[in-house]
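Working notes, structure below.
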Amino acid sequence: MGERNNGSKSSRWSLQGMTALVTGGTKGIGYSIVEQLAELGATVHTCSRNQAELNESLKEWTTKGYRVTGSVCDVTSRVSREELIATVSSQFNGKLNILVNNVGTTVQKPTLDFTAEDFAFVINTNLESCFHLSQLAHPLLKASEAASIVFISSAAGVIASNITPVVYSAAKGAIHQMTKNLACEWAKDKIRSNCVAPGVIRTPLAEKCMIIVVICFVFVSGLRTSYYCVVFLKDLKGETMNAVISQTPLGRIGETEEVSSLVAYLCLPAASYITGQTICADGGFSVNGLYI
């Protein structure tokens, strides 16, 4: 995709015949990305740390008629990452069109409570794994002669907010710079590199983090935070999360398919002239920001 695509209009909006690797594809945004790519015709491989979750997801995708395979992988492990790419290389005959570095997590603590182990875990999961997997996948991406890497970061890497841990935000911000540099360095290999930065999206991880944020802030910030505590807990029951929504122009939190559709677009031939970009899928949240 480094060159102009001269195919038919229909082929520019299809991933038919393409191969993709999506990390962490058994839940949340990753699950939705796998489905979007498969719906557009791609053959997808994904991974998860949990064999049971992986088996259940693969069963669901088979029922829907999608071409999806999977393997167990802990992306925090260098050896596991090497094994994953070896599996993908074998399955796709040494060629890969799409790499989606989706896996990410956080340790929800105030900065002063962060340990060396917490720091290493967040950086390894969110940043090092993306860098290493991109390195390992480069020969496969180059061999396809039409490749796209999409990093999943966060609006927290674009703006400052005291509801997001510093180390997590720093790791996501670093991904944005990695996106730009790889776009320049690997353009000669016909590999595009882009990044999608979601805002608050309705996922199991987001809901879990909302609970932990409340607990931390109650002890740190006193009465003002007690107000937000009520808001967050009500949101988990389906009511308005005013602290975030009031700063989001579209007036709501996002859904996973609103992120995955953007990811899929960036992988299409129709996006062949887009590289080095970080695009926020956040309802406009990064325009206003949030500091509570």
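The values are calculated or read from the model by the stated rules, or taken from the named source; none is laboratory data. A quick note: this is a predicted structure, and the numbers were derived from the prediction, not measured. Ideal geometry is used to build each Cβ from the backbone, glycine not excepted, and the neighbour counts take in all protein chains shown. SASA here: full protein model, heavy atoms, side chains in, ligands and nucleic acids out. Shrake-Rupley method; radii C 1.70, N 1.55, O 1.52, S 1.80 Å.
Values for this structure:
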read-out: Filter pass, Phe131 being modelled with pLDDT of 95 or more and open to solvent by 30 Å² or more (accessible area, probe 1.4 Å); value: yes
read-out: For Gly25: the one exception among (1) open to solvent by less than 10 Å² (accessible area, probe 1.4 Å); (2) outside any loop (DSSP other than H, G, I, E, B); (3) closer than 20 Å to His132 by Cβ; (4) not β-branched (Val, Ile, Thr); value: (2)
read-out: Qualifying positions in the range 245-280 - more than 23 Å from Asn97 (Cα to Cα) and open to solvent by less than 30 Å² (accessible area, probe 1.4 Å); value: Thr248, Ile253, Gly254
read-out: In the range 22-36, the residues that are over 15 Å from Leu58 (Cβ atoms) and not β-branched (Val, Ile, Thr); value: Gly28, Ser32, Gln36
read-out: Per-region count, the range 86-96, residues open to solvent by 20 Å² or more (accessible area, probe 1.4 Å) and closer than 13 Å to His138 by Cα; value: 4
read-out: Of the criteria (1) touching a Leu at 6+ places or on another chain (Cβ under 9 Å); (2) surrounded by 16 or more Cβ atoms within 10 Å (Cβ to Cβ), which one Leu54 fails; value: (1)
read-out: Count - residues of the range 248-285 that are out of contact with any helix residue (DSSP H, G or I) (no Cβ under 9 Å at 6 or more places or on another chain), in a loop (DSSP other than H, G, I, E, B) and more than 18 Å from Glu145 (Cα to Cα); value: 1
read-out: Index of the failed condition, Arg192 passing every other in (1) touching a helix residue (DSSP H, G or I) at 6+ places or on another chain (Cβ under 9 Å); (2) in a helix (DSSP H, G or I); (3) modelled with pLDDT of 90 or more; value: (2)
read-out: Selection from the range 134-153 of residues that are under 15 Å from Val103 (Cα atoms) and either in a helix (DSSP H, G or I) or at pLDDT below 95 (or both); value: Ser134
read-out: Any hit, the range 100-107, residues being within 17 Å of Ala20 (Cα to Cα) and open to solvent by 50 Å² or more (accessible area, probe 1.4 Å); value: no
read-out: Enumeration of residues in the range 97-145 that are touching an Asp or Glu at 6+ places or on another chain (Cβ under 8 Å) and either hydrophobic (A, V, I, L, M, F, W, C) or closer than 21 Å to Gly24 by Cα (or both); value: Val107, Leu136, His138, Leu141
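Residue-by-condition table, conditions (1) surrounded by fewer than 17 Cβ atoms within 10 Å (Cβ to Cβ); (2) hydrophobic (A, V, I, L, M, F, W, C); (3) over 21 Å from Ser129 (Cα atoms):
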{"position": "Ala38", "(1), (2), (3)": "no, yes, yes"}
{"position": "Thr46", "(1), (2), (3)": "no, no, no"}
{"position": "Arg49", "(1), (2), (3)": "yes, no, no"}
{"position": "Thr63", "(1), (2), (3)": "yes, no, yes"}
